[in-house]
Every structure is written in C-alpha cells, then in structure tokens.
Ligand SMILES: *Cc1c(COP(=O)(O)O)cnc(C)c1O
C-alpha cells in the first residue's frame, strides 16, 4: 500500500492501478532534471541508456506512454496506405482508438488466434491475403506487430522459438517487425529468457513502466540508431516531447532496480487466484494456468450478468474489470497474497448467494485502464 492513502478496494482491474511506492516517490523527489526535449535531462538520458543496454539495442527513447510508442513505431516503419499484420486482439487494434489509422494511415490485416501468438505460416497467410489476393491492388505490407505478453489473450507469452520463427519469416518477406512489449519483462521473468534475446528478434521494441513495474508515467522504446533518430522526430510531431521529465524517469529507474524480479510474485498470485476460482461453482476459469499476471474467467454460471457480478464484487471490496466479454483480474505490486485470498472469498460469497440478492450497487464498476 502506497503512502497512507486509504484503499477503497483491492485493485485487481489492471496492473495500471499500481501506485508509486514510498521509496519510488523518494527517488522521484530527488531526481536530477533538465529539459528532455533538448536531450538535457540527465535522468531521462540515464534511463534511455539503461533500457538500450537491457534490450541490447543501439539506442532508446523516452516516451510519455506506450500507446505513443506504437504510433511512432508504426509511423517510422510504414507509409500511408501500407499494410500492417497483427493478431486480431492486439492492443494496437482494440484499445488505441484506431490511432495508427489516424497517425499513420495504415490498414491492419488481423490474424485470428486463440492465444495471441501466431505462427510464421499464419503470418505468411496474412501476407498472402494482403499481397496476392487482389494484387496489385492490395496495400503493400510493411510491418508485423507482436505483443509480449498478449494482454487480451490472457497475458500469454511468446516463447523465444515462436518469436524467432515469425521474425525470420518477416525478414525473409522484407517486413519490419515491431514488438509491443508493454509487459515484456513479465515474459522474461516467466520464461527466464533475457530481454535482449527477445529484442534481438525485432526491429523496434518498447517496455511500459506503468503496468506491473509500478511507475506513474513512462515508456521507453529501443531500436537501431537510425530508427531512434526517426522516432525522435515523430515523437515531436505527436507532441510527446517533454521538459523536466526526469521527475517521471526517476520512478522508472527505481522500478528497473527494484520491481523486475518481484514480477514472479505477481505470477504466483495469478496462479493462486486461478486455482482458488477453479473450485467455485458457476465460475469458468478461462486461463486455468496463467502464464503471467492475468486471470480471465466467466461467472455466467452464477446466473447474473458480468456487470452485476462486478458491482457486487466491488461492494465486497474487490475491483476487477470487464475485458473481451469476460472478467479480467490482473495482479501487480499493490496486490498481496492475502488480497488474493480475500478476492477468492469475495467471489465465492457472490457465487453462493441467491440470485435475487444480486442488485447492482456500484454504477461504474468495470471501467478501467488496460
Ligand atoms: C497498456 C498497453 C499499451 C499502452 O500503453 P500506455 O502506456 O497505457 O499508453 C499498449 N499495449 C499493451 C499490450 C498494453 O497492455
């Protein structure tokens, strides 16, 4: 629990609910700062070097948030009316208000998967749909996007082999490959694969500091020196240049030092939650073996709507979210093992109470960030 703020509920709706810890606030308070737009913020510069090294790339660039990284990467890798290939449930398609349509003017060819992880063959089929079906009238394919971990598929992880296979197929077809690595470090902690090993398979990659890493602001994108130079230009075009951003970057540096290894606790808590929910009548756990920090489940068997379930849950002191027509719970550094046990009890109590007692009580339950 951060500072002395009273917590209205156990915050399981998203790992974006994580708040800066007292130690992180201390690091933020002590940050050395300068003008980020002029490249003069020493804390931002240190963070960029740190992330470039972590990801084994030539350079890295600070951003106010991850959505802008996806927009800028797409802009750098494509021209207007080009084709982009991504999983059909990718964040870039489902949760960024069609921003790449506005900012890059691209058309996305979706690949339908269950897991969010597609094969080289599925990628080639998507390419075939773009290129060959109506050739020469289809959009020229330029870019493949992968999401690590895959949010709306349940926090699923690309193995290094799966990524290598898609990466070499993309390279053979002359396509650039971009990783939305919002939760790349969750994948690394879950698999033991190094961030640089994953990053070596893609042309551009970013990590988010505002998810399980617990910082209030910031994402950093890495790539070749040329890519980052172009990215810098479009960051400015998209109004992402900042001033004393070291205030925020100090929180990110603190997170790299203190909040990476502990992601394993979040993964253990997600497994504990899934295990606890599996035993409850009326609950179907869609991620019975969570790979990282997300649990998706369907409480329809209780006989109430998802909205009513969420408001009941919140009135019992637990907030989860409605994502993709299911209930999503996401673990993070502000959720303890005891919180998980309390959440299981709360769901169990709803599952056991008679349906007529299920009146909605909280009107905004389920609204959340991703
Ligand atoms: C949160 C998220 C983003 C967007 O990042 P912001 O920092 O919130 O802008 C992009 N992709 C995925 C997979 C995410 O979970």
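The values are calculated or read from the model by the stated rules, or taken from the named source; none is laboratory data. This structure is a prediction, so every number in the text was calculated from the model and none was measured. Heads up, the Cβs are rebuilt from the backbone with ideal geometry, glycines too, and the neighbour counts pull from every protein chain shown.
Looking at 217, 207, can you tell me which residue is touching a helix residue (DSSP H, G or I) at 6+ places or on another chain (Cβ under 9 Å), assigned to a strand (DSSP E or B) and modelled with pLDDT of 95 or more?
207
Can you name every residue in segment 88-103 that is touching a helix residue (DSSP H, G or I) at 6+ places or on another chain (Cβ under 8 Å) and under 22 Å from residue 148 (Cα atoms)?
Those that are touching a helix residue (DSSP H, G or I) at 6+ places or on another chain (Cβ under 8 Å) and under 22 Å from residue 148 (Cα atoms): 91, 92, 96, 99, 100.
Within segment 275-309, work out how many residues are out of contact with any strand residue (DSSP E or B) (no Cβ under 6 Å at 6 or more places or on another chain), part of a helix (DSSP H, G or I) and closer than 15 Å to residue 343 by Cα.
So the count comes out to 3.
Suppose the filter is under 25 Å from residue 60 (Cα atoms), outside the structural domain of residue 243 (by the TED database) and surrounded by 21 or more Cβ atoms within 10 Å (Cβ to Cβ); does residue 41 pass it?
So residue 41 fails the test.
Against the condition modelled with pLDDT of 95 or more and touching a strand residue (DSSP E or B) at 6+ places or on another chain (Cβ under 7 Å), how does residue 321 come out, does it pass?
The answer is yes for residue 321.
Filter segment 289-320 for residues that are out of contact with any helix residue (DSSP H, G or I) (no Cβ under 6 Å at 6 or more places or on another chain), under 27 Å from residue 189 (Cα atoms) and free of Cβ contacts under 8 Å to residues at least 40 places away in the same chain and give the result.
Selection gives 289 alone.
Yes/no per residue for (1) within 21 Å of residue 190 (Cβ to Cβ); (2) at pLDDT below 95; (3) within 16 Å of the ligand (Cβ to nearest atom); (4) part of a strand (DSSP E or B):
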{"position": "329", "(1), (2), (3), (4)": "yes, no, yes, yes"}
{"position": "338", "(1), (2), (3), (4)": "no, no, no, no"}
{"position": "342", "(1), (2), (3), (4)": "no, no, no, no"}
{"position": "345", "(1), (2), (3), (4)": "no, no, no, no"}
{"position": "349", "(1), (2), (3), (4)": "no, no, no, no"}
{"position": "360", "(1), (2), (3), (4)": "no, yes, no, no"}
{"position": "363", "(1), (2), (3), (4)": "no, yes, no, no"}
{"position": "366", "(1), (2), (3), (4)": "no, yes, no, no"}
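Which one of 100, 76 is modelled with pLDDT of 95 or more and more than 16 Å from the ligand (Cβ to nearest atom)?
Selected residue: 76, the only one of 100, 76 that is modelled with pLDDT of 95 or more and more than 16 Å from the ligand (Cβ to nearest atom).
Results for (1) under 22 Å from residue 75 (Cβ atoms); (2) surrounded by 18 or more Cβ atoms within 10 Å (Cβ to Cβ), shown as yes or no for each residue.
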| site | (1), (2) |
| --- | --- |
| 140 | yes, no |
| 143 | yes, yes |
| 150 | no, yes |
| 163 | no, yes |
| 178 | yes, yes |
| 194 | no, no |
| 205 | yes, yes |
| 218 | yes, yes |
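Have a look at 65, 56 and point out the one that is surrounded by fewer than 18 Cβ atoms within 10 Å (Cβ to Cβ) and touching a helix residue (DSSP H, G or I) at 6+ places or on another chain (Cβ under 6 Å).
Of 65, 56, the one residue that is surrounded by fewer than 18 Cβ atoms within 10 Å (Cβ to Cβ) and touching a helix residue (DSSP H, G or I) at 6+ places or on another chain (Cβ under 6 Å) is 56.
Looking only at segment 79-97, how many residues end up being surrounded by fewer than 19 Cβ atoms within 10 Å (Cβ to Cβ) and more than 16 Å from the ligand (Cβ to nearest atom)?
The number of residues fulfilling the criteria is 4.
Scan segment 119-155 for residues that are within 16 Å of the ligand (Cβ to nearest atom) and either without any contact (Cβ under 8 Å) to a residue 60 or more places away in the chain or in contact with a helix residue (DSSP H, G or I) (Cβ under 9 Å, 6 or more places away or on another chain) (or both) and jot them down.
143, 144, 145, 146, 147, 148, 149, 150, 151, 152, 155
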